[in-house]
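One structure is given here, and the rest of the page talks about it.
The values are calculated or read from the model by the stated rules, or taken from the named source; none is laboratory data. All values reported here derive from a predicted model rather than from experimental measurement. Here the Cβ positions follow ideal geometry from the backbone for every residue, glycine too, while neighbour counts run over all protein chains shown.
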Amino acid sequence: MVAGHVMGAVEVVVPVDGQGMDVVHLLLGRFWEVVTLAAGDRALPTETWRAEFAIAVVEIAANIVRYAYPNRVDGPSFTLALRLYLDHIEAVLTDEGIAFAPPAEVAPAAVSVDELAVDLLEGGYGLWLAHSAVDEVGHERTADGANRWRLAKRLPLEVR
Amino acid sequence: MDSMVDLDPGGTAVIHIRGRLDFLSAAGARQRFSDVIEGGHRRLVVDLDGLEFLDSSGLGALIGGLKAARQTGGDLRLARAPEQAKVILSLTSLDRVFRSYGTVEEALADY
């Protein structure tokens with residue numbers, strides 16, 4: 001994917017509280033408006049394609065809201081940036097919570113419906129879903145002690 | 001998330017979901033399914049027409065409800081699933097586990 005020129009972007013600080021996910025969904029809605037405006041002659045991404053991107057963003061965001069700040073202090077939050085490039089879109093989520101420890105295997109191995117239900121309810125499938133839904137999922141611990149997630153999905157290239 | 005339940009004396013129940021079924025509402029939804037099943041209604045149809053978003057935790061609640069319903073000889077079926085719900089069901093291959101219908105009426109008629 002070509003990094004290049006940002007064609008559209010939205011960014012927000014998401015509170016880690018009961019309203020956080022409302023903010024995430026609102027920002028996604030706003031971003032699709034931006035993508036539509038910037039589309040020009042190009043075909044808009046399909047509903048399915050947009051749903052896949054949203055699923056990945058929501059799973060990572062949910063993990064941050066649920067697990068990044070186990071010892072809450074004043075106003076924990078994370079930033080969510082959604083950016084449109086010529087050939088892909090990306091989401092960057094940055095939080096200053098506890099270091100994320102990637103699971104040994106990305107796919108949880110549920111062997112029964114009970115385990116499957118529990119895994120799903122606890123967000124155990126979140127990372128696996130993100131990998132399935134978009135093209136790139138990356139996490140790094142930055143020099144100043146933040147977690148930075150980057151999700152990227154290639155845009156369809158058809159012209160209308 | 002809100003849910004409204006229509007109970008039928010014949011043992012079916014339609015649970016209408018509105019809003020997001022996600023990690024914040026999954027436990028409540030799971031409880032709703034349990035209550036309906038324990039009340040003797042084992043053939044469930046979950047009407048997803050008002051569903052705004054379904055995340056993996058919401059899927060967990062549906063799977064839990066499915067299991068509980070099938071254990072009593074019933075089932076939990078989905079109706080009017082919006083596109084995003086279909087996508088997450090497909091990504092997890094859980095679209096092969098749930099029976100899904102275009103309308104509530106078709107789901108009920110198939111019981």
Filtering the range A:116-142 down to residues that are facing chain B (nearest Cβ under 10 Å) and free of Cβ contacts under 8 Å to residues at least 12 places away in the same chain yields A:116, A:117, A:118, A:119, A:120, A:121, A:122, A:132
Considering only residues of the range B:16-70 that are among the basic types (Lys, Arg) and without any contact (Cβ under 8 Å) to a residue 12 or more places away in the chain, which is farthest from residue B:111 (Cα to Cα)? B:67
So, in the range B:80-96, exactly how many residues are within 9 Å of another protein chain (Cβ to nearest Cβ) and exposed (fewer than 15 other Cβ atoms within 10 Å of the Cβ)? 1
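From the list B:37, B:63, exactly one residue is β-branched (Val, Ile, Thr) and either out of contact with any strand residue (DSSP E or B) (no Cβ under 9 Å at 6 or more places or on another chain) or at the interface with another protein chain (Cβ under 9 Å from one of its Cβ atoms) (or both). Which is it?
B:63 is the lone residue from the list that is β-branched (Val, Ile, Thr) and either out of contact with any strand residue (DSSP E or B) (no Cβ under 9 Å at 6 or more places or on another chain) or at the interface with another protein chain (Cβ under 9 Å from one of its Cβ atoms) (or both).
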Across the range A:108-129, what is the total count of residues that are modelled with pLDDT under 90 and either more than 24 Å from residue B:25 (Cα to Cα) or not small (Gly, Ala, Ser) (or both)? 13
For the range B:59-79, indicate whether the set of residues that are exposed (fewer than 15 other Cβ atoms within 10 Å of the Cβ) and in a strand (DSSP E or B) is non-empty. no
One residue is enough: does the range A:23-43 have a residue meeting the conditions outside any helix (DSSP H, G or I) and within 14 Å of chain B (Cβ to nearest Cβ)? no
Regarding the range B:37-47, can at least one residue be identified that is within 18 Å of residue A:48 (Cα to Cα) and touching a helix residue (DSSP H, G or I) at 6+ places or on another chain (Cβ under 7 Å)? no
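Which count do you get for residues in the range B:11-27 that are outside any strand (DSSP E or B) and either acidic (Asp, Glu) or touching a strand residue (DSSP E or B) at 6+ places or on another chain (Cβ under 8 Å) (or both)?
Going through the range B:11-27 one residue at a time, the tally reaches 3.
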Just a yes or no: is a residue in the range A:80-94 part of a loop (DSSP other than H, G, I, E, B), modelled with pLDDT of 75 or more and touching a helix residue (DSSP H, G or I) at 6+ places or on another chain (Cβ under 9 Å)? no
Of B:50, B:73, the only residue that is more than 14 Å from chain A (Cβ to nearest Cβ) and under 20 Å from residue A:48 (Cα atoms) is B:50
Among the residues of the range B:1-31, what is the count of those that are under 15 Å from residue B:77 (Cα atoms) and of a type in the set (Lys, Arg)? 1
Can you find a residue in the range B:32-51 that is of a type in the set (D, E, K, R), buried (at least 21 other Cβ atoms within 10 Å of the Cβ) and under 30 Å from residue A:46 (Cα atoms)? yes
